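Novice: This is the structure I want to talk about, given as structure tokens.
The values are calculated or read from the model by the stated rules, or taken from the named source; none is laboratory data. What you see is a predicted model; the values in this text were computed from it and never measured. For neighbour counting, all protein chains shown are included, and Cβ atoms are generated from backbone atoms with ideal geometry for every residue, glycine included. Side chains included, ligands, DNA and RNA excluded: accessible areas come from the protein's heavy atoms. Shrake-Rupley method; radii C 1.70, N 1.55, O 1.52, S 1.80 Å.
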Amino acid sequence: MPIEILSEKVVTQIAAGEVIERPASVVKEVIENSIDSGANNIHVAISHGGQQLIKVSDDGSGILENEVELAFMRHATSKLRNIEDLASIQTLGFRGEALASIAAVSRLSVTTRHKSSVAGIEMKLEGGKLSHKKTVGAPVGTVIIVENLFYNMPARLKFLKSESAEKRQIAGIVTRYAMAYPHIHFVLEQDGREFFRSNGSGQLADVVVKSLGIDHFKKMVEVNSRDESYHESSPVQIHGYASEPSLHRADRSHITLFVNGRWIQDSKLTYAIIQAYHTLLMTGRYPVAVLMIDVPPEDLDVNVHPTKAEVRFRNPNLVFETIQRAVRRAVIDFARTPLLRNGQYKNDQGLWEEAPDYSEQFDLDLRLQSPGQHARQAIINNWSNEPGEYLDSRINNLASPIRPRTLPMLRVVGQIGAAYIVAEGPAGLYLIDQHAAHERILYEQFVLDYAKQEPIAQFTLSAQTINVSPEEARLIEEYLDALHMVGFKLEQFGPNTFIIRSLPAMLAEDSPVEVIKAIIDDLQHSDIPGHGAIEEKLIKRVCKRAAVKAGQILSHKEMEGIIRQLERCQSPLTCPHGRPTMIHMSEQQLAREFGRK
Ligand code: ADP
Ligand code: MG
């Protein structure tokens, strides 16, 4: 074929393909226009996943009679004049491409009346070509109807997702814009049925309740970077909601981000949120979050992608940090007091209620010495004792009792399967995984000592040696310092032999050689770079080994010891690896299970 310049029609169709990928993209662009027009009410109706019909009505400014045709031309916009304007753009649109693109690939009709006009205009286009135009009576605002999307692009039609996938996508778009603009009253109708409605109250919480449901909303905590005083004057501010650790999802698609009212996709910032849940969520589980990021318009480049879903920040690190810190603080604050706050506990309706006072009955044996002392004391007292007694003292002594309570007082009922502790609390039944719970207790203890730079309690061994492979020996050499920091003192004794001088006190009962072998194994499979990370991994390993195991029968006193200390952990609901430590069944749930209500 000889070289020729493409006709305007083909150019428009190619460009349209970039902006309008699927029915949901039409909904997004048309809603953005309605928002830009200053609408207070936006009504979206679709049928058959939007492929057959998308109708969006708004009560915004409307379009001037002599500009309606222009609005459907490529690069026709009322929102931008010079490229410099982009630096301070306040509208969602600016490319002047959406209406032209949608019209090029559908049968479109528009009815619009500008607020300064006495009558409206109705216009129809087929594949971008004007087929009908007349003056009509209409309220101020704009109605856009898009029918038979991609009827003239058979290739695109073939690749459309299923109707239900498209319905979900469209619902996602409408609810997200409703969250970003809580003062606008949105309604979404699918195949004649109302699917979603926001009340336009201006409160983000109201929209989050509507879009996630009240049950999920009850498990969200408020995030606001302004709560951090030193952060008040920062140019980057965030606010919104993030899930408590008990609410999580299998993928990251439930993390929604907006920048200056624009819904964006940004894998780095999504990661900032996921990181904020470090050790609080199981691996492979992701939080739910709705966060609004506000930055000065000049610190944001929105002209990165045709669908405007990607943006660039002038200071991406500051945005990352602000998000991570604010979310972490909100979630940790919550985890500290998941059920009990100022003597109150959160009931099934998410309301705070007066907690019954169990203190006289159960809070008996909290000791008030320093935790470091406990550990050492435990070693001295128990080194010669029976293993069983050692276990008892280890459970009862190692956590810091001075810390604030994070769980309501629980009463130990008994043990199931030598693995779970059954307990009763003011909010119902608690099943506690003894190993996970003890791991959490030991981990926080260890981290506390470590952070305070207190020497990690150790016990010394009479010369035990361990022989390893050359590769393993190099690994030990490399991490000798880190190992020492967490209580392992090893000395080289010949090329591939080490003397084990001491182990962390928690592992007093363990076989030193076995422990070191497990540690080597961890180091070999460690893919986390950086010093701190290795130490954290070592600490987790030590705690895992030291914690009581599933299969270990515990005395009532031992179980109480675990529960009392778990009640004062910072994050009592998960083990250091992020698995849950407990299952809670409220009295209401129990009643429901038994068919009592
Ligand atoms: P952009 O939004 O990038 O300007 P569009 O093609 O989406 O480009 O829209 C073109 C123009 O049509 C807009 O700049 C605006 O002036 C006008 N317009 C589109 N939709 C509406 C609406 N719902 N209400 C008022 N004006 C609208
Ligand atoms: Mg637009």
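Novice: For segment 576-587, what does the Karplus curve 6.51 cos²θ - 1.76 cosθ + 1.60, with θ = phi - 60°, yield as ³J(HN,Hα) per residue in whole Hz, taken in order and with x for Gly and Pro?
Specialist: The phi angles translate into x, 8, x, 7, x, 8, 8, 10, 10, 10, 6, 4 Hz.
Novice: Over segment 78-175, how many percent of alpha carbon pairs lie in each 10 Å bin up to the one with the longest distance?
Specialist: Spelled out per bin, shortest first, that is 13, 29, 37, 20, 1.
Novice: Using R₀ = 51 Å, calculate the FRET efficiency as 1/(1 + (r/R₀)^6) where r is the Cβ-Cβ separation of residue 140 and residue 525; round to 0.05. Walk me through the numbers before you get to the answer.
Specialist: Details: r = 66 Å, r/R0 = 1.29.
So, using R0 = 51 Å, E works out to roughly 0.20.
Novice: Kindly write out, for segment 145-159 in residue order, the coupling ³J(HN,Hα) from the Karplus curve 6.51 cos²θ - 1.76 cosθ + 1.60 (θ = phi - 60°), rounded to whole Hz, with x marking Gly and Pro.
Specialist: After applying 6.51 cos²θ - 1.76 cosθ + 1.60, I find 10, 10, 10, 6, 4, 6, 4, 9, 10, x, 5, 5, 4, 5, 9 Hz.
Novice: List, in the order given, every pair from 115/308; 219/540; 219/537; 55/134; 55/133 whose Cα-Cα distance in the structure shown is over 23 Å.
Specialist: Over 23 Å apart, Cα to Cα: 115/308; 219/540; 219/537.
Novice: On a straight-distance basis, which aspartates and glutamates could pair with residue 597 in a cross-link, Cα separation under 13 angstrom, same-chain partners fewer than 8 positions away excluded?
Specialist: Result set, ordered by chain and number: 587.
Novice: Continuing with this model, one more query. Let me check something: with ligands and nucleic acids excluded, how do 517, 9 order by accessible area (1.4 Å probe), largest to smallest?
Specialist: Numbers: 517 105, 9 135 Å².
Greatest to least solvent exposure: 9, 517.
Novice: What are the residues whose amide H is under 5 Å from the amide H of residue 490, where those residues sit 5 or more places off or on another chain and H is modelled from the backbone?
Specialist: Counting only residues 5 or more places away or on other chains, the set is 501.
Novice: Now, a different point. So how do 169-182, 63-76, 34-47 stack up, highest first, on mean other-Cβ count within 10 Å? Working shown, then result.
Specialist: Values: 169-182: 22.6, 63-76: 16.3, 34-47: 20.8.
My ranking of the peptides, most packed first, is 169-182, 34-47, 63-76.
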